[in-house]
Amino acid sequence: MTEQSLRWAVNDAWVLTWRNLTVWRRVPAYLVFTIVQPTIFTLLFRFVFGGAIPVAIPGGYVNYLLPGVIGQTAAFATMATAISLAIEAQKGVIDRLRVMPIARSAVLLGRLAADGFRMLVTLLVIIAVGYAVGFRFSGGVGAALGMIALAEAFGLALCCVSMFIGLALRQEEAVQAFGLIWLFPLTFVSSAFVPVQSMPGWLQAFAVNQPVTHVINALRALALGDTRVTPMGDNLWLSIVWIAAIVAVFMPLAVRAYKRVS
Amino acid sequence: MTAPTNAGDKAIVVEGLRKSFGKVEALRGIDFAVQRGTVLGVLGPNGAGKTTAVRILTTLLQPDAGRAFVEDHDVVREAAAVRNVIGLAGQSTAIVDELTGHENLEMVGRLHHLTRTQARARAGDLLAQFDLEDAADRAAKTYSGGMLRRLDLAASLVAHPAVLFLDEPTTGLDPRSRLAMWDVIRTLVAGGTTLLLTTQYLDEADELADDIIVIDHGQVIAEGTAEELKGRIGGDVVEFTVPDRSRIDDAIAAIDTLGEGDPVLDRHRGQVAIRVGSRGSEALVETVRRLDAAGVESAGLSLRRPSLDDVFLALTGHAAAAVADEVTA
């Protein structure tokens, strides 16, 4: 790739990122989805279920909950990624972009960058809401930033999965239905809201070994400190391996699905 | 791969193009060429294969067999070069509803690697040219159907394409917006752009195209100028309307042996058309006499040159507009 074409590829991705973020800013429903929904989730679990879920963590359930909500939200935020791409493929928007002499990578990178930014806003909102209802970081600033970075990286990896699903299915309703099928079990059958030890044995086997649990355990260790009740153990490097593996599998699949949209 | 030796002054050359979707043969080997600076009307009902042909020519689909060249570039092997010289517009799919008209065009300019200043200037020019200046800073979702199509067309022209593809640019528009769109397209063509226009409306092809190809079931079934195509069905048409729809069969019976071939009937509108060859005025008088003898009242009796509707019917055995979606490809 020459320097010129690299510059253009960056330009194209940036223009489409700007486009996606402008649309997001101007549609109130998207803002609600990004900010209000995670706020409600945080408050719901904190006050409705929180009292019934016993955890032996300093500061109580809210400290256990918040990294879980963050992990879950990062995963669920990718639904919007799949839906936007499906709609664009269905309406022919992607076709029109492909007829222009733009970099092949621009549509996917523009989507990733915009949705990554959107996700960051959501994560910061959740942390702010968390602070208002008793959550506190206790591992230091570096670890707190590390937690946000890990959540963001995991969210972007799942964005690749969602890009593939959106472009492969190309139908809003199908994407929505399918999104619920994989995202709900993946996020709820994990350590996001309850300790996995409370689940029946056969479910525990899945919960303990799936990526969301590793990521959320790592988020917790970063947020609350690497302690006996929230040990980091193998969780950080397992999370990084999972993230790398998900990107390595689904990015090429998404690119292939993008080329096939027609 | 070199272009065919006869390419020379041709903006588009298509040779033996085939494409199937599963068991459906959307294109069964079509050939045609478009001279630089002219308008080719690709005419056919829904599902005839028009859109498939446009998608191949604009590098969105790969053909199963055959070759196609746009401005001497192979659409498969030199897709990137093709994308540099073409524009595609049609059913306003390039427009982002939440962006303003100006932002939409500026974005397309930036994607064509204009600088910010250039992109802004070009957007302003196009908005003026397409009579959208007053709506320039309004979100596109507030635009009417006609305005959206014009904005979409403007978006396809940002980079001054040598060859423009318009895929059913007026489908779904009200008659007034349609006429406005025709004006815009005529201006464009006067500027020297080569245009390939697909349409299911025969009057549209008649109005805008220099040459016409008629596609049905993935094959070119006729080609020529509008006049040549009309000439092919030979002679004039006598047409009249039966206001009392219940008498329409009596009217048919009365004039049954008068024309060449079966009379064409539009039951919904009560309209009857008969091809009468060169016996125009004689046939007109005879029609009046026979309808009178049968006691059938008629209105709007006229003798006219054949329309492309008549041509399409004569060529395919079915009316252009009446065909349901057989293939949605």
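The values are calculated or read from the model by the stated rules, or taken from the named source; none is laboratory data. Everything numeric here is computed off the predicted structure, so don't read it as measured data. With ideal geometry, Cβ positions are generated from the backbone for all residues, glycine too; neighbour counts draw on all protein chains shown.
Some values worked out for this structure:
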| item | result |
| --- | --- |
| Subset of segment A:1-24 [among the hydroxyl-bearing types (Ser, Thr, Tyr) and under 17 Å from B:Ile95 (Cβ atoms)] | A:Thr22 |
| Subset of segment B:133-184 [without any contact (Cβ under 8 Å) to a residue 40 or more places away in the chain, under 30 Å from B:Asp72 (Cα atoms) and buried (at least 19 other Cβ atoms within 10 Å of the Cβ)] | B:Arg150, B:Thr170, B:Met181 |
| Residue that is part of a loop (DSSP other than H, G, I, E, B) and either closer than 17 Å to B:Leu188 by Cβ or within 14 Å of chain A (Cβ to nearest Cβ) (or both), where the choices are B:Thr51, B:Thr59 | B:Thr59 |
| Boolean, A:Thr81 is part of a helix (DSSP H, G or I), of a type in the set (S, T, N, Q) and closer than 23 Å to A:Pro252 by Cβ | yes |
| Long-range neighbours under 6 Å by Cβ, at least six apart or interchain, first residue under 28 Å from B:Glu106 (Cα atoms) and more than 14 Å from every other protein chain (Cβ to nearest Cβ) within segment A:16-40, second of a type in the set (D, E, K, R) and part of a helix (DSSP H, G or I) | A:Thr34/A:Arg118 |
| Residue match in segment B:69-79 (condition: more than 9 Å from chain A (Cβ to nearest Cβ) and in a helix (DSSP H, G or I)) | yes |
| Qualifying residue in segment B:144-151 (condition: touching a strand residue (DSSP E or B) at 6+ places or on another chain (Cβ under 9 Å) and within 14 Å of chain A (Cβ to nearest Cβ)) | yes |
| Unmet criterion (only one of (1) closer than 28 Å to B:Phe312 by Cβ; (2) away from chain A (no Cβ under 12 Å)) for B:Leu88 | (2) |
| Where B:Glu71 falls short, out of the listed (1) among the acidic types (Asp, Glu); (2) at pLDDT 95 or above; (3) under 28 Å from B:Arg176 (Cα atoms) | (3) |
| Members of segment A:185-217 that are part of a helix (DSSP H, G or I), free of Cβ contacts under 8 Å to residues at least 60 places away in the same chain and aliphatic (A, V, I, L, M) | A:Val196, A:Leu203, A:Ala205, A:Ala207, A:Val208 |
| Cross-chain or 6+ apart pairs with Cβ under 6 Å, segment B:218-242 first and over 30 Å from B:Pro63 (Cβ atoms) and loosely packed, with under 15 Cβ neighbours inside 10 Å, then of a type outside the set (A, V, I, L, M) and at pLDDT below 85 | B:Gly234/B:Gly277 |
| Options A:Val107, A:Val99: the member that is closer than 15 Å to A:Cys160 by Cβ, within 14 Å of chain B (Cβ to nearest Cβ) and at pLDDT 90 or above | A:Val107 |
| Single unsatisfied condition, A:Phe178 versus (1) of a type outside the set (Ser, Thr, Tyr); (2) more than 16 Å from A:Ala74 (Cβ to Cβ); (3) within 14 Å of chain B (Cβ to nearest Cβ) | (3) |
| Breaking point among (1) touching an Asp or Glu at 6+ places or on another chain (Cβ under 6 Å); (2) away from every other protein chain (no Cβ under 14 Å), for B:Ile95 | (2) |
| Top-ranked residue of segment B:98-107 - restricted to ones that are within 7 Å of another protein chain (Cβ to nearest Cβ) and buried (at least 19 other Cβ atoms within 10 Å of the Cβ), ranked as nearest to B:Thr193 (Cα to Cα) | B:Met107 |
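Okay, residues lined up against (1) over 27 Å from B:Glu25 (Cα atoms); (2) in contact with a strand residue (DSSP E or B) (Cβ under 7 Å, 6 or more places away or on another chain); (3) part of a helix (DSSP H, G or I):
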position: B:Ile215; (1), (2), (3): no, yes, no
position: B:Glu227; (1), (2), (3): yes, no, yes
position: B:Glu239; (1), (2), (3): yes, yes, no
position: B:Arg247; (1), (2), (3): yes, no, yes
